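A.B. asks: Pasting in a structure now, in structure tokens, and then I'll have a few things to ask.
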Amino acid sequence: RLEIQGFKSFVDRTDLAFGDGITGVIGPNGCGKTNVSDAIRWVLGEQSAKQLRGDSMEDVIFNGCPTRTPMGTGEVTLTLDNSEGRLAIDAKEVHVSRRVYRSGEGEYLLNRQPCRLKDIRELLAATGITTEAYCIIEQGKVDALLQSSPRDRRVIFEEAAGISQFKA
């Protein structure tokens with residue numbers, strides 16, 4: 001599940017539930033599809049504002065519109081099902097959250113408790129859920145994958161097979 005509030009075009013709290021398997025986000029131009037994938041990349045620790053189509057991290061906070069005032073904070077929570085115990089944490093659900101404030105300060109939370117980005121990355125390392133992984137394939141990335149060099153394709157397959165964590 002993905003909970004978004006104050007992040008880009010999601011001024012009000014928005015909950016998106018994902019089922020098993022592959023999920024596709026479709027819709028007309030301008031409806032916020034890319035903001036959904038940006039939210040996932042961001043909560044997983046994306047550090048480049050450019051990758052999120054902004055100039056600074058404050059650009060991910062809802063900036064207002066004619067009918068709504070700007071928000072002071074942006075927050076995204078990704079909830080993962082851990083009922084099978086695949087993650088090395090004693091919880092049936094794992095909540096990974098990230099907040100950023102207009103002041104430029106930000107924080108990460110793991111199961112609603114403050115933590116470091118390193119803690120989140122270590123927890124998710126064996127899952128293939130990272131900002132560099134191919135768990136999120138954005139518009140245009142499929143073509144880039146098809147046209148990639150054999151060396152780059154190898155990196156993709158290693159990531160998909162889950163062995164890149166051992167190389168790291």
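The values are calculated or read from the model by the stated rules, or taken from the named source; none is laboratory data. On a predicted model such as this, the values are computed, not experimentally measured, just so you know. No Cβ is skipped: glycine too gets one built from the backbone with ideal geometry, and neighbour counts run over all protein chains shown. The accessibility values were calculated without ligands, DNA or RNA, using every heavy atom of the protein model including side chains. Shrake-Rupley method; radii C 1.70, N 1.55, O 1.52, S 1.80 Å.
A.B. asks: Mind checking which lysines have their C-alpha under 19 Å from LYS167, skipping anything on the same chain fewer than 8 residues away?
C.D. replies: Within the straight-line limit of under 19 Å, LYS167 reaches these lysines: LYS118.
A.B. asks: Would you mind getting me the FRET efficiency between ASP59 and ASP12? Use the beta-carbon distance for r and R0 = 30 Å, nearest 0.05.
C.D. replies: For R0 = 30 Å, the calculated efficiency reads 0.95.
A.B. asks: Next question. At a temperature of 20 °C and a viscosity of 1.002 mPa s, determine how fast the chain diffuses translationally according to Stokes-Einstein, using the Kirkwood radius over alpha-carbon pairs as Rh; express D in µm²/s, rounded to the nearest whole number.
C.D. replies: It diffuses with D of about 125 µm²/s by this estimate.
A.B. asks: Report the full-extension gain for the segment ALA91 to ILE22: residue separation times 0.36 nm, less the Cα-Cα distance, to one decimal in nm.
C.D. replies: 22.5 nm
A.B. asks: Computed on alpha carbon atoms, what radius of gyration and Dmax characterise segment 45-136, expressed in Å?
C.D. replies: For segment 45-136, the Cα radius of gyration and maximum Cα-Cα distance read 14.9, 46 Å.
A.B. asks: Measuring from centroid to centroid over Cα atoms, what is the spacing of segment 85-114 and segment 50-69 in Å?
C.D. replies: If we compute the Cα centre of each part, the gap is 22 Å.
A.B. asks: Give the lysines whose C-alpha is closer than 16 Å to that of LYS8, dropping any in the same chain fewer than 8 places away, or say none.
C.D. replies: Within the straight-line limit of under 16 Å, LYS8 reaches these lysines: LYS33, LYS50.
A.B. asks: Sticking with this one: What do you get for the angle between helix 150-161 and the principal long axis of the chain? Use alpha-carbon atoms, 0 to 90 degrees, nearest ten.
C.D. replies: The helix 150-161 is inclined about 80 degrees to the chain.
A.B. asks: While we're on this one: For PHE62, what residues show an amide H to amide H distance below 5 Å, using hydrogens built from the backbone and excluding near sequence neighbours?
C.D. replies: PHE7, LYS8, MET71
A.B. asks: Mind checking the per residue accessible area of segment 1-142 for me, 1.4 Å probe, whole number of Å²?
C.D. replies: Ligands and nucleic acids excluded, the result is 58 Å² per residue.
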